[in-house]
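Undergrad: Provided herewith is a single structure, encoded as structure tokens, for subsequent inquiry.
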């Protein structure tokens with residue numbers, strides 16, 4: 001028989017699979033569980049469970065659903081698999097099917113110690129379904145007053161003044177290092193934000209399992225719940241630090257004075273000096289080889 005459900009870290013954003021209203025979501029019931037599965041069926045169910053676990057950790061919820069449904073079909077006595085399915089159904093925006101899985105679990109394991117927590121979870125899911133099915137009011141467009149057409153006077157001619165050479169060469173660029181710091185801070189904040197959302201999802205799950213009062217079924221569940229809350233605090237701190245670094249880099253960039261680019265002036269001055277100063281050139285002929293000196297004033 002498969003082991004009881006454990007939580008794995010969520011490493012991808014939730015896949016949005018429902019493009020139509022939840023009222024039109026198709027749900028399916030689980031067939032009656034009769035008799036004990038064979039050893040071959042249990043072995044095949046374990047293989048499907050492991051494949052579904054890999055897909056779940058990769059964020060491929062559709063493939064995880066396919067594997068775990070196959071695992072429960074082969075070994076219908078592993079009722080804890082229904083909790084796994086309810087979790088992945090909810091992440092895949094199939095809340096009605098998640099309710100079906102949880103209700104089936106309570107019907108097939110009426111003596112479960114998690115009965116109260118699962119019942120509260122079902123109530124929360126039903127409330128979410130009701131809110132999403134309720135039509136949202138559409139704002140009425142504001143009336144646009146009739147405007148009389150007017151003929152705008154032609155714009156005045158634009159006078160183009162040539163920019164003095166001294167002003168054209170006085171501009172410069174700000175240093176690039178502050179932008180690198182700001183971008184690095186933004187990357188840190190974004191990474192911390194994504195991992196904070198993932199940890200928050202785990203915390204929410206364990207609050208459902210433990211009833212929000214720390215009454216976890218086992219010590220292992222309590223340790224995993226505490227670890228999820230520690231991860232949430234850590235990545236929240238990292239995200240805030242990244243925002244501070246990014247903001248500091250941006251302020252640094254805006255306050256840095258532009259640096260004058262004097263390279264072009266130096267090259268031009270050297271070129272002008274080379275034209276007006278003496279120049280030594282080679283002089284070659286069939287019967288002579290030497291150097292010639294030329295200059296301009």
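Undergrad: Multiply the residue separation of residue 107 and residue 34 by 0.36 nm, subtract the distance between their alpha-carbon atoms, and state the gained length in nm to one decimal.
TA: 24.9 nm
Undergrad: In nanometres, what is the gap between the two model label sites at residue 244 and residue 229, each 7 Å from Cα along Cα-to-Cβ?
TA: The modelled label-to-label distance comes out at 2.4 nm.
Undergrad: Same structure, new question: To make sure I understand, if each residue's beta carbon is the centre and we count other beta carbons within 10 Å, what order do 187, 88, 194 fall in, fewest to most?
TA: Arranged by neighbour count, lowest to highest, 187, 88, 194 become 187, 194, 88.
Undergrad: Under a crude label model (7 Å from the Cα following the beta-carbon direction), how far is residue 124 from residue 27 in nanometres?
TA: Calculated label separation equals 1.8 nm.
Undergrad: Order the peptides 63-69, 235-241, 173-179, 30-36 from the highest to the lowest mean number of other Cβ atoms within 10 Å of their residues.
TA: Ranking, from highest mean packing down: 63-69, 235-241, 173-179, 30-36.
Undergrad: Can you give the FRET efficiency for residue 133 and residue 54, using 1/(1 + (r/R0)^6), R0 = 30 Å, r = Cβ-Cβ distance, to the nearest 0.05?
TA: 0.30
Each value in this text was obtained by applying a stated rule to the coordinates, not by laboratory testing. Quantities reported herein were computed from a predicted structural model and do not represent experimental measurements. Backbone-built Cβ (ideal geometry, glycine too); neighbour counts: all protein chains shown.
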